[in-house]
Amino acid sequence: MSASEKLQNEVERQKRKIEEIEKSIETVEKEFNEKFDYERESIEEHKKFLAEPELEIAIVGTINAGKSTFINALLQENIASTDARPETASLTKFKYADENKLEIKFYNEEEWNELWESVEESKKKNQANVFKEEFENSGAKNIKNDYLGKSDETIEVSNIEKLKNKIKDYTSRQSEIHYFVKEITVYLNNENMPKNVTIVDTPGLNDVVAYRSDITKDYIKRANAVVVCQSYLNLGDREFNDIASFFGNIGDKSYKVIILGTQIDKLNKPKEEWENIKEDWKNQFKVFYDKDQNLINNNIIGVSSFVFSNLIELENGKEHNEDNILSIYRFAKSYGIELSLQDPNLNNKIIDNYNQIIELTNIKKVNSLITNKIIANRVEEIIYDLENKYLSMINYISNKANNIKNENSHNKATLDMEKKEKEESILKRNEEIKKIEEDMKAINNAFDKIKEEWLNLNKKLKETIKNITNKD
């Protein structure tokens, strides 16, 4: 049996089992008057994945950590928005297709209300004032009713440049529409985009609007692999805990979490400083990689997506400003490549050392790691994750159902006990009342007897007094 046939069999098996689970849930809901709303949502999400079981790789990290820049380098196309402002944060999926097109999903009324509640909550902490102010000043209120709850929109384009422009229409903070965009799927006719794989650019984990950060955390739970973009500048407790949670979602296959130290070209001495940072990170994350030194070395990688992308554009003849050339120069110089800023042919010298500098950015290394360790075993990885997610889901549902049954059985036993105790209490009270009545009857009889004796004595006394009086 081929791997594809195994996948299809597993999908069909789970679909049948889910039907049984839904019937069981319905029975439990009716019998015990309990709701399984969260569980039904989980089932619906799982059914969506069964309908289109693709390998999904989540690119995650904080805002400004270089997620979109890395995706652009990976695809060798400036397609993902690198706008640093969180207002553009939406789940953006990239898939291969023969024709370039764009699918847009919009927030519905309920989702928008939840997002806005999150904005208000963040505002109390002085975190989301910019979002609210820019929304109110943008005029987006005027088109709110046109886009909230709007049906999914599909836009086909003839070439990549038109696709980029359309993406900006729905993601740029200069566009009023972007506030209402929940999710975008970009279909690319791009040889660097692997087939049957979805690469996802997620909202930042430190988004001031917590609702959007939660979208990322929820999505990671279904991802087959996670690439973490972590700036070399900051790896605090919050970032460490976020990364630790990714390992928890992946299960026992820790090789599917790749940690990138991004923007290393911004270091004063990229080579030396990154090596020191990497040693520190290796010590912090070794527990998650089972202390496998090879795995730690391979999966913690310093990258410069910016230098990589600019090198490719430079080779393709695109002109660059002095800052971009300076970044490439400083990065290459740090690794011992002899270049001079005073050289009038600096650009040509950079191109002469193109292959060596490209290798130093480590983008190809990451690409190879993803391709050979994850994508190459795409079907097996999907089956493995499908089984684990399915088992986790049904175990949770089963435990909840059993807890409900046990709790209700306990409550019924308690009620039965209470009923028995009440009956015994009533019986005891009845016996006590009966005894009291008997005692009262005995007391009354005794009293009547005393009264009768007293009346007899009183009668005799009166007769005696009368006899004495008559004699006198």
A careful count of residues in the stretch 310-346 that are under 21 Å from Asn78 (Cα atoms) and polar (S, T, N, Q) gives 5
Restricting the stretch 132-161 to residues that are modelled with pLDDT under 90 and hydroxyl-bearing (Ser, Thr, Tyr), the residue that is farthest from Trp116 (Cα to Cα): Ser158
Of the residues Asn249, Asn241, which single one is assigned to a helix (DSSP H, G or I), under 18 Å from Lys373 (Cβ atoms) and not aliphatic (A, V, I, L, M)? Asn249
Looking at Asn310, Asn298, Asn324, which one is among the polar types (S, T, N, Q) and either in contact (Cβ under 8 Å) with a residue 24 or more places away in the chain or not in a helix (DSSP H, G or I) (or both)? Asn298
For Leu50: the one exception among (1) surrounded by fewer than 18 Cβ atoms within 10 Å (Cβ to Cβ); (2) assigned to a strand (DSSP E or B): (2)
Does Glu387 satisfy being in a helix (DSSP H, G or I) and either modelled with pLDDT under 80 or over 29 Å from Ala223 (Cβ atoms) (or both)? no
Just give me the residues in the stretch 306-327 being under 17 Å from Asn268 (Cβ atoms) and over 37 Å from the mean Cα position of the chain (by Cα), in sequence order. Asp323, Leu326
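Residue under question is Ile351, and the condition is that it be more than 40 Å from the chain's Cα centre (by Cα), surrounded by 13 or more Cβ atoms within 10 Å (Cβ to Cβ), part of a helix (DSSP H, G or I) and not polar (S, T, N, Q); does it hold?
Yes; evaluated as a whole, the condition is true for this residue.
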Restricting attention to the stretch 129-155, which residues are out of contact with any Lys or Arg (no Cβ under 7 Å at 6 or more places or on another chain), closer than 16 Å to Lys182 by Cβ and either hydroxyl-bearing (Ser, Thr, Tyr) or in a strand (DSSP E or B) (or both)? Tyr147, Ser151, Glu153
Being farther than 30 Å from Leu55 by Cα and basic (Lys, Arg) narrows it down to one residue among Lys373, Lys389, Lys318, Lys365; which is it? Lys318
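The values are calculated or read from the model by the stated rules, or taken from the named source; none is laboratory data. In this text, all values refer to a predicted model and were calculated from it rather than measured experimentally. Note that we place each Cβ from the backbone using ideal geometry, even for glycine, and neighbour counts take in every protein chain shown.
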